[in-house]
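The values are calculated or read from the model by the stated rules, or taken from the named source; none is laboratory data. Since we're looking at a predicted model, the values are computed, not measured. Neighbour counts run over all protein chains shown; Cβ positions are idealised from the backbone, glycine included. Only protein heavy atoms, including side chains, enter the accessible area calculation; ligands, DNA and RNA are left aside. Shrake-Rupley method; radii C 1.70, N 1.55, O 1.52, S 1.80 Å.
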Amino acid sequence: MADGTLVGIDLGTTMSAIARLDRDGTPETIANEANDPLTPSVIYLEGNRAVVGKVARDAAADAPDQVAMFVKRDMGSPAYSRRVDGRVLRPETLSAILLRKMRMDAERRIGGPISRAVITVPAFFDDVRRNATQDAGRIAGLEVYDLLNEPTAAALAYAMQAQRRAGHRTALLDVPGGSMTALVFDLGGGTLDVTVVRLRSKHFETIATEGEVQLGGKDWDEKIVEHAAREFERRFGSDPAEDPSRRARLMVQAEKAKIFLSAMPSARMEVVHAGRSLELTITRKEFEAMTAGLVERARVATELVVRKEAKLAWDQIDTVLMVGGSTRMPMIKDMLRKLCGKEPSDQLDPDQVVAHGAAIHASILAAKAGEGTLPLEESIRSDFQSAAVINVNSHNLGIEANRPGRGTVNSVLIPKNTQIPFAQSRVFYLPAPGMTKVQVRVLEGDAEEAAYCTCIGDCWITGLPPDLPKKAPVQVRLAYGADGRVGVMALDMTHGTFARTEIQRASKLSDEEVRREAEFVASLEIH
Ligand code: AMP
């Protein structure tokens, strides 16, 4: 049994938060060194020194080459999109620096060690991105207890809060009225997740999920930058956005203007470049016109998940929960109100709710594992022990196969939005006689063509008898675990040989790689 406080971490694109539960099961965010509940997900590197958070973000305009931000968007890629301090770094490693700093600050504040964490990921993250997130935790020296989908985390925190408001202290995870279907609309700094969840007594079921990993507040900021740069160019003939440092400064100004426009009808910006300066006023109306295309993308994703994936009518949605800082923009609330025909709820703190849900989930897991050291009141612990959280997979999962006339396809065994854990078998036929081993490639992705899917790993079915004819049947079973992990098994149906198979993950870092990256992170002086 591990010692140390159990925490939930929302590893966000722009902001991150860390939370734990107090004795009576109430989630609380652990403030960082600067006494802020949120830490900007920004890392400044210079030699063996790293600065994380607000100070790093403030440095972005003056020293863009030293700063990494929006790292989450690159999760799953072999390297961060550009060099930082002249170095090519993995997104996992940069995220680990952030995690390490958050952990250090939190340990100082609570006065004890933190060894295990539930880290949240967008529901739409595929296996490669999930593994990268888990590796980030490992590099930071954390035992990643579980990865949790952000909307599920939000729903958990919502259910808990609704219960508290209704004045109940026990039976924490009951839903007022017995059952509720919620649409969780999560628009953060870099990603959009739209998910339908059903909450029943202590039972959290994800019905369907859809999202865009490349749609978030940053895109709204960029529209303002484009607008400001165009206006400047029209006046003075040169484009300030072409200069990386100027562009970084403009991004900071644009975000400020955007946030201002959530509360006020107009915002001012001063664009300074090449010895000239332009005073710019942007009205909310103009801002809404220039970002209408982004809102439309969010609307389409929402419509898709409710109507097509969850197959629900709008009146079957009981509540619309807004999560993520970008839902503070009035245009988002307006879009949701029009689309869903009801007032979206903003009762939850959109910035902290995900970390809170992660902390609840961590305690549910620990209670279920019978951990005696969990610092929770007995009634709360027994409530958590009987809670069930059920998720769906967010992408089709299948086996690479040749289909006559179609070429190489993803032969889907577990369609997207299937509740997990789930396993499914299908019979495939050997393409040639006398094959003693066959490679099974596991694909994740929603396109039919294998080339447009991600190979998340492969395995060899070995030990097949040498006398198998062409088209001999082999049954392949794909199992998707509740933790999102994937396993493969295969059976030669001619002789009944059960072929032993082991999935070789294409993405996960080896223990050696994690050790090397961890060494690098540990060698940094982090502030
Ligand atoms: P999150 O990843 O959930 O922390 O969301 C961060 C995003 O929310 C960033 O793009 C912020 O600029 C944006 N954001 C935060 N507050 C506001 C606000 N009041 N109005 C508009 N956007 C906001």
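Values computed for the structure shown
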| item | result |
| --- | --- |
| Region 181-219, residues that are within 16 Å of the ligand (Cβ to nearest atom), part of a strand (DSSP E or B) and among the hydrophobic types (A, V, I, L, M, F, W, C) | V184, F185, L187, L192, V194 |
| Residues located in region 249-281, provided they are within 15 Å of the ligand (Cβ to nearest atom) and in a helix (DSSP H, G or I) | L250, M251, V252, Q253, A254, E255, K256, A257, K258, I259, F260, L261 |
| Cβ-Cβ under 8 Å pairs, at least 6 apart or on other chains, region 80-103 side closer than 20 Å to S16 by Cα and in contact (Cβ under 8 Å) with a residue 40 or more places away in the chain, far side of a type in the set (S, T, Y) and open to solvent by 40 Å² or more (accessible area, probe 1.4 Å) | P91/S77 |
| Filter result for E377 (open to solvent by 20 Å² or more (accessible area, probe 1.4 Å), touching a residue at least 60 places away in the same chain (Cβ under 8 Å), among the acidic types (D, E) and within 27 Å of V197 (Cβ to Cβ)) | yes |
| Any hit, region 405-427, residues being outside any strand (DSSP E or B), open to solvent by 10 Å² or more (accessible area, probe 1.4 Å), touching a residue at least 12 places away in the same chain (Cβ under 8 Å) and touching a Lys or Arg at 6+ places or on another chain (Cβ under 8 Å) | no |
| Residue list for region 1-31, restricted to those being hydroxyl-bearing (S, T, Y) and part of a strand (DSSP E or B) | T5, S16, T29 |
| Any helices (runs of 4 or more DSSP H) falling wholly within region 305-397 and containing at least 1 residues that are of a type in the set (A, V, I, L, M) and modelled with pLDDT of 85 or more | 330-340, 353-368 |
| Single residue of region 33-66 satisfying the filter (within 14 Å of the ligand (Cβ to nearest atom) and part of a loop (DSSP other than H, G, I, E, B)) that is modelled with the lowest pLDDT | A60 |
| Search result, residues across region 443-484 that are of a type in the set (D, E, K, R) and not in a loop (DSSP other than H, G, I, E, B) | E444, E449, D458, R477 |
| Condition met for A208 (open to solvent by less than 60 Å² (accessible area, probe 1.4 Å) and within 16 Å of A154 (Cβ to Cβ)) | yes |
| Test: residue in region 220-234 that is within 15 Å of the ligand (Cβ to nearest atom) and basic (K, R) | yes |
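Here is a yes/no grid of residues against (1) over 23 Å from L250 (Cβ atoms); (2) buried (at least 22 other Cβ atoms within 10 Å of the Cβ); (3) more than 17 Å from the chain's Cα centre (by Cα):
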residue: A63; (1), (2), (3): no, no, yes
residue: Q66; (1), (2), (3): no, no, yes
residue: G76; (1), (2), (3): yes, no, no
residue: R82; (1), (2), (3): no, no, yes
residue: R109; (1), (2), (3): yes, no, yes
